Structures are given as C-alpha cells and as structure tokens.
Amino acid sequence: MYFQKKQSSLFTEPLVYTVSQVNHYLKSLMLKDRLLQDVRVMGEVSNFKLHKPSGHMYFTLKDGEGVLRCVFFRSKNQVLQFTPEEGMKVVARGNISLYERSGYCQLYVEEMEQEGMGALFVAFEQLKEKLRQEGIFAPEKKKALPRFPRRVGLITSPSGAAIRDFITTVQRRFPCLRILIYPVAVQGKEAPLQIINALKQLDAAGDLDVIVVARGGGSLEELWSFNDEALARTIYEIDTPVVSAVGHETDFTIADFAADCRASTPTAAAELVVPEKKELLKLIDTAESRLRGALKGSLKTRKLVLYRLTSSTAMIYPREKINQGYQRVDELWQRMARLMEYKLKLKQAAIKNLTSNLEAMSPLKVMSRGFSFVIDESRRLVGSAGKLEKGQLVKVVFRDGNADCLVQAVRKRKPADILDFNDGE
Amino acid sequence: MSGEKAINEMTFEEALKKLEILVEKMEKEELPLEESLKYFEEGMELAGHCRKLLSEAEYKLEMMLKNGEKVDFEQFDDQ
C-alpha cells in the first residue's frame, strides 16, 4: 500500500548534473559576459573584514535593495589610498565571477576609490595641465641641486615622521652642515599658505643652498594642500632650489612637479640633497692616491729612460770604447808606418840617386883619376887661375894627401893651351 | 695655476674640482718633471684643505620662528 505510484526518478533521467558542474557552468557564463568583466560598481561598504595574515579584504557593497560580496586581494589593495570603513561610499572596479565553493557570485576588486574622489582627480589633472602649459614644470627651468650644501632649509611639520627621518638621515650621512627648520602645518586649509610663507621667508634669507619641503605619507585629502596652485608658483619662482618629498613613493602632488627635484620620501630627500661624508673622504683619498700613482708613474718612466741611456754599450763598457780607440790608433799607426816606410824608401832612393850623382860629380872621383884641387888660406876652392897671385900660399889636395904650395907664376890660358907653361907673353 | 684663489680660501667645491682637474692632468698629459712635481704638491695641498673643511664644518640644527628669529632645535638631539 505504502508504495506509491512509480514516479520517474530524477536520477534515472539521462541528464543529471553534479553541483560543481552547475557552478562551473554558471561561472563560465559569467566570465563570458563582457558586462560583468572590468565593471565599476558603486555602493556602501559593510561587513568589512581585513584578513590578518593574508592581508586580503572581504566586504560587501550594498545599496538600498541588494548586496554584492566583494574580495580585494592584498596584491591589489596595497595601493589603496584610504582604509575602507563601514558605511563608506565607494566605487569599486573589478570582475564578477562565481565563488564555486560557496556558490555565491562575487566582485573580485582590482581598484577602489572613495565616491566623490573622482571630482578631486579631475581638478588635479586640470591644474596640472594648466601649470604644465605655463611651463611651470619645464625641465630646463629646474635648478640643479648643489653638490655640497652648507645650509639646508626644511619646511615640514615639527612633529611628523618626515622631520625625524630627514634629520636622522642627514646626521648619518653628512653631519657637517646647518639645517634650518621652518615648522608648518602640512594638511588642512591653512597649510598651503604657511608653506608658501615659509618658502618666501627662507628664500629671502638667501643663505640657504637648498630648501626641502617634506611630508610623510597620507591620504589624498591629507596630501591635498600640496596640490595648491599658488604653492606651485611659489616653488617655481623662488631662487633657492626646492626638493619636494611628499607622501609615499607612489604619491605625486603638483608640488612634486613644480619642484626642482622630487624625492620619493623624506629619507630619500636627505640622501639626494646631502652627500655621504665617508664617500667624500674616499673621493679625496682616491684623488690623492691617483696623484701619487701618476707622479710615481712619471718618475718611473723617466728612470727607465735614464736606465736605458746609461745601460747603452757605450756607457757600460767604456773600456771597450777605449779599446776601439786603441784599435783605431793602431790601424792608423800601421797605415802611417807603411806610408812612412814608403816615403822613406822614396827618400832613400832619391838620396841614393843624389849621392850617386854627387859621387859622379864628386871631386874625389875626379881625383881618383889622378886629379887634385887647390884651396886658399880660407879653404875656399880656387877654381880659376885668375884668382891666384904670385907669392900666394895655397894648399893642393891629392886623393891621398895635401901639400902647402907657393905661387911662383900665374898664366891665363884658353882651354886649348892650358898646358902651355911658357912665360913668353 | 696660481692665478686663482689661494687654496685656503677656496670653498670645498672649488678645491675638489681643482683637485679633480689636477689628477686628470697628471694622468693624461706628458708633463715636464718640474711641472708634475708642482701639480703633485698642489694636489696634496688641495686634498688636505678639503679634509680640513669637512672636519671643521659643524652640524647645527635651528628653527626659524614666524618673526624670522632663529632658535636652536633640539627635539631630536636627545634621541
């Protein structure tokens, strides 16, 4: 009885799906739908939970009638400019998909901002463009930072993190300069004006090498005073170079664009503005050692040149030079000797020749043929009978001796009658 | 080289710049011995001057008040 009319059981129907198949299919439908991808959703934040270790944010967006679950992973929410709170009106951009495990659809948030922020962004971009057109940000107008500042101006809040970071960094790197702090409000309505006055006053003082305008991190609203137009113009107009160090690495304010140099954080500003003392000392040391090296180098090359000269054979072996000299002398000597010999021979030959001639003409030769000759008292040869006088004493020389003779008579004769001794005139 | 300021009147930047030029000269150019000795001496003097300036410069922390008056600022000195 109890058994009812046999129904066709759902199980037996041909197509029966599992839960995960259904969810999987729903998810694929959503992913295919262009409208649900990269969509912007406006709503009020509620049930906001920041999951501690992972850093992921889980919350729902709601408006009067409905609720949309959202997840904002850490990798994406890190750059969030603000911390979401209950009831906060926001606009979230992301992709809608199904969270299969729990079966509900969810907005995977990529980016989120507070509602009404849009207006601020627009104002920011417009001011930036306007000032850019005027050339307030012109790179060529940017003044160079001094390499070794003596006096640094610092415009910041006296109680913020910025002042501490900046000063401690300067003390660490280069504790040999003077810092002049000009305390100002760094947020709120009066901040821009205070900063402007500070800039003008410090610039007027004229003895600062560089002025740093610094502020720690903060929300868009908190940093808003640094997007002030008049502030940007003042930064541009004053003579002292200005370094802006406002907010976090990713925050860019109009002041940053107008400044001569932008540092991402106050600490970075200190590192930018102030050299490291030990680096400078190292710089000086290296310069000195390069000087020494250069001098040593040039002396060395000169010594080398000198060494090469002194070690040339001529210097090392003067003896050898001298020997060469000796040899040279010998050679010359021999040549001379030969010449002399030759000359001598010539001379000897000449002399022999002469002597033979002489001998040929020599009276002795004549005498050897029996002739003799007559010389007077002063041993002068009497060559002519005419020189003789009667009674004159003369000497006659024979080949084998000589004799004293008295001239008894002198007779002049022609060669033919030379032997005619008759006195008959 | 002696035309310019005497070394002890030079600012840190001037002295360091001059030193860099001298080193460049000593290393690059073929200098007569006397000149390289002169440059060397001058370079050493410049280096000494730079070190002196660094050691003498004192660290001072002041605050400017609205009326332009300057007072010492010790808030962080005790840290």
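For the reader, a short list of remarks on this structure follows.
- Angle between chain B longest axis and helix B:33-56 axis [Cα atoms, degrees, rounded to 10]: 10
- Segment A:T250..A:S20, full-extension length gain: 78.6 nm, with 0.36 nm per residue of separation and the alpha-carbon distance subtracted.
- Between region A:220-265 and region A:377-424, the Cα center-to-center distance that results, in Å: 152
- Protein heavy-atom accessible surface, 1.4 Å probe, per residue over the protein assembly as shown: 64 Å².
- A straight line joining the Cα centroids of region A:4-44 and region B:35-67 runs 78 Å.
- Kyte-Doolittle mean at least -1.0 and Cα axial length at least 24 Å: DSSP H helices in chain A: A:117-134, A:277-310, A:318-361
- 15 Å reach of a label modelled at A:L393, 7 Å along Cα-to-Cβ, counting backbone N of region A:400-425: A:403-408
- Comparing mean-square fluctuations of A:L364, A:L120, A:L50 from a GNM of chain A with C-alpha springs under 10 Å, the top value falls on A:L364.
- Cross-link partners of A:K300 among lysines (Cα-Cα below 30 Å; sequence separation of 8 or more within a chain): A:K282, A:K321, B:K17, B:K18, B:K25, B:K28, B:K38
- Modelled this way, with points 7 Å down the Cα-to-C-beta line, the labels at A:L309 and A:Q201 are 7.2 nm from one another.
- Computed E for A:L80/A:A123 - FRET, C-beta separation, R0 22 angstrom, nearest 0.05: 0.60
- Measuring heavy-atom accessible area with a 1.4 angstrom probe and counting protein chains only, the residues of region B:51-65 that give up at least 20 Å² relative to the chain alone are B:R51, B:L54, B:A57, B:E58, B:Y59, B:K60, B:L61, B:E62, B:M63, B:M64.
- Solvent-accessible surface of protein heavy atoms, probed at 1.4 angstrom with all chains present, puts B:Y39, A:Y99, A:Y307 in the order A:Y307, A:Y99, B:Y39, largest first.
- Sum of side-chain charges, A:E100 neighbourhood, beta-carbon under 14 Å (Lys, Arg +1; Asp, Glu -1): +3
- Each DSSP beta bridge with both residues in chain A is either parallel or antiparallel, and the antiparallel ones are about 65%.
- A full extension of the chain between A:K296 and A:A360 corresponds to an added length of 14.0 nm, given 0.36 nm per residue minus the alpha carbon distance.
- Region A:270-314 versus region A:46-83: alpha-carbon centroid distance in Å: 64
- Computed label-point distance, nm, for sites A:N323 and A:R40 using a 7 Å Cα→Cβ extension: 10.5
- Local net charge near A:L344, Cβ-Cβ under 13 Å (Lys/Arg +1, Asp/Glu -1): +4
- Region A:338-425: trypsin sites (Lys or Arg not before Pro) falling in loop per DSSP and having at most 12 other Cβ within 10 Å: A:R369, A:R379, A:R380, A:K390, A:K412, A:R413
- Rounded to the nearest 500, the helix-only mean residue ellipticity at 222 nm of chain A stands at -13500 deg cm²/dmol, with each DSSP H run of n ≥ 4 adding -39,500 (n - 2.57).
- Buried accessible surface for the B/A pair, both sides summed and rounded to the nearest 100, is 3700 Å² with a 1.4 Å probe.
- A straight chain from A:V410 to A:L332 at 0.36 nm per residue would run longer than the Cα-Cα distance by 21.5 nm.
- Counting Cβ atoms of other protein chains within 10 Å of each Cβ in A:291-301 and taking the mean gives 6.
- Cβ-defined net charge surrounding A:P183, 15 Å radius [Lys, Arg +1; Asp, Glu -1]: -1
- Between A:R147 and A:K278, the FRET efficiency estimated from the beta carbon spacing at R0 = 22 angstrom works out to 0.90.
- Computing FRET efficiency as 1/(1 + (r/R0)^6) for A:E115 and A:L29, where r is the C-beta to C-beta distance and R0 is 25 Å, gives about 0.25.
- Chain B, helix-only ellipticity at 222 nm - DSSP H runs n ≥ 4, -39,500 (n - 2.57), divided by all residues, nearest 500: -18000 deg cm²/dmol
The values are calculated or read from the model by the stated rules, or taken from the named source; none is laboratory data. Please read all numbers here as calculations on a predicted model, not as lab measurements. Don't worry about glycine lacking a Cβ; one is built from the backbone with ideal geometry, like all the others, and counts go over all protein chains shown. Remember, those area values only see protein heavy atoms, side chains included, never the ligands or the DNA or RNA. Shrake-Rupley method; radii C 1.70, N 1.55, O 1.52, S 1.80 Å.
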